[in-house]
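S.K.: Sharing a structure, written as C-alpha cells. Questions coming.
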Amino acid sequence: MTGFEGATLAIDLLNITLLTILFVVAIAIARLRSLFAIVMLSGIYSLVSATWFVALDAVDVAFTEAAVGAGISTALFLGAMVLTSRTAKPEKGATKIVPLLVVIATGAVLIYATIDLPGFGDPNSPANTGVGVEFLERTYPEIAIPNIVTAVLASYRGFDTLGEVGVVFMAGLAVSLLLGFGERSLGATVRREDRINAIKDDEEES
Amino acid sequence: MIGAAALALIVAIALMLIRALSGPTLYDRVLAVNSLGTKIILLLGVIGFLTGRPDFLDISILYALINFVATIAILKFFRYRSFQVSLSRRGKDGA
C-alpha cells in the first residue's frame, strides 16, 4: 500500500507533527482574549484536524470537518461577533481551574478506555468479524458502488440519512427565523439601537 | 524526495502558525490563515503520494475551494460588517 520504503515512518512523523500543531493552536485558543483571533485559530484547528483525519484514512469525516469547521462555522462565528463584543472577559477564581480539571478527568477516562480496544487492523476485532465483512462482500454485487461508506450512508441507511437531512433543514430554518434577514435582522436591530443611543447621549451632553 | 517536500511544508506551516498566533493586526491573521490553508492543501497532496494514493489530490482541490470561500467571507465581513451585501455594491457608509 505504501509508496516507498520508510513511508510508514514518515506518516508516523506527520501524525505527530499534526497533533503538535493542534495542541499549540488549542492552547493559544484557550489563552487568547481577542475573539477575532480565536475565530481565525479555530479555522486553522479545523483544517489541520481535517488533514489529520485524511492521514488516518477517515476521508468522509475529514471532508465534513473541513466544510463545517473551516467553512461554515468561521462565517457563523463572525456573524455572531457582530451581536456581541470583540473581546472575552477574563475568567477569575474557580472558573479558571474547574474546566481544566474536567478536561483532564475526561481525557484520563478516554485513555483508560483505549486499553480495551483491539489493535489497528486486527483481523479478530468485532469490526472485522461481524457485519462489516458482510457489507464488504455484498455491497458491490448488490448496488455496484465502490465506496462502502457512501453505499451504507446513502443506500442501506437511506431513510436514516433522509431524517438527518430533515433535522438539519429544520434547525437552519429555526435559526434564520430567529436571526432574520436584511433590515429586520437581529444584527441590523442591534446596530440601529446603538445608533439611537449614541444620538441620545450626544443630545444629553450638549 | 517526497519526505523532504513534506518536511519543507511542515516548516512553512510552523512559520504561518507563528504569524497567526502573534500577528499584531487582523490582516496578518487573515493572511496567515489563508496561506496556512494553502500549505495544508499541499501537504494533503504530499500525503497522498506518500501513501501511494494520488487520488487524495481530488480532496485537496475541494479543500482549496472551501479555503477560498472562507477567506472571501472573512474579508467581506470586514468590509461591510455583514454577509448580506452583494460584493459589487459600494455601500454609502462603507466599512
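Only the coordinates and a few stated rules stand behind these numbers; no lab work does. Quick caveat, the model's predicted, so the values are computed rather than measured. Cβ atoms come from the backbone with ideal geometry, glycine included; neighbour counts cover every protein chain shown.
S.K.: For chain A, build the charge dipole from Cβ charges (+1 Lys, Arg; -1 Asp, Glu) around the Cα centre, then report which of A:V98, A:A62, A:L9 sits farthest towards its positive end.
M.R.: A:V98
S.K.: Here is a further query. Which lysines does B:K76 reach when only Cα atoms under 24 Å apart count, and residues fewer than 8 places away in its own chain are ignored?
M.R.: Within the straight-line cut-off, B:K76 pairs with B:K39, B:K92.
S.K.: Evaluate the distance, in nm, between pseudo-label points positioned 7 Å from the Cα of A:V61 and of A:L22 along their respective Cα→Cβ axes.
M.R.: With each label placed 7 Å out from Cα toward Cβ, I get 0.9 nm.
S.K.: Tell me, what is a quarter of the convex hull surface for the C-alpha atoms of chain A, in nm² with one decimal?
M.R.: Details: hull surface 74.7 nm².
Directional mean of the projected Cα hull area for chain A stands at 18.7 nm².
S.K.: Further, regarding this structure: In 10 Å bins starting at 0, how do the alpha-carbon pair distances of the stretch B:2-80 split up by percent?
M.R.: For the stretch B:2-80, the pair-distance distribution reads 19, 42, 29, 9, 1.
S.K.: What area, in nm² and to one decimal, does the C-alpha convex hull of the stretch A:1-90 cast on average over all directions?
M.R.: With every direction weighted equally, the projected area is 6.4 nm².
S.K.: Among the helices of chain A (complete DSSP H runs), which have Cα atoms covering no less than 20 Å along the helix axis and a Kyte-Doolittle mean of at least 1.6?
M.R.: Length and hydropathy pass: A:7-31, A:35-55, A:94-114, A:158-179.
S.K.: Which residues' amide hydrogens lie under 5 Å from the amide hydrogen of A:T87, considering only partners 5 or more residues apart or on another chain, with H built in the peptide plane?
M.R.: Excluding prolines and chain starts, which carry no amide H, the hits are A:L35.
S.K.: Can you work out the FRET efficiency for the pair A:S176 and A:V149, with r the C-beta to C-beta distance and R0 = 35 Å, to the nearest 0.05?
M.R.: Computed FRET efficiency for A:S176 and A:V149: 0.70.
S.K.: Nothing charged except the Cβ atoms of Lys and Arg (+1) and of Asp and Glu (-1): what's the magnitude of the dipole of the protein assembly as shown about its Cα centre? Round to the nearest 20 debye.
M.R.: Roughly 1260 debye, rounded to the nearest 20.
S.K.: Measuring from label point to label point, each 7 Å out along Cα→Cβ, what is the A:V133 to A:V98 span in nm?
M.R.: 5.0
S.K.: Something else: Can you tell me, using C-alpha contacts under 8 Å and at least 6 residues apart, the relative contact order of chain A as a whole percent?
M.R.: Reported relative contact order: 13 percent.
S.K.: What does the net charge come to around B:A20 if you take all other residues with beta carbon closer than 9 Å to its beta carbon, with K and R at +1 and D and E at -1? Can you show the working numbers first?
M.R.: On the way: positive: B:R19, B:R29; negative: B:D28.
So the environment of B:A20 carries a net charge of +1.
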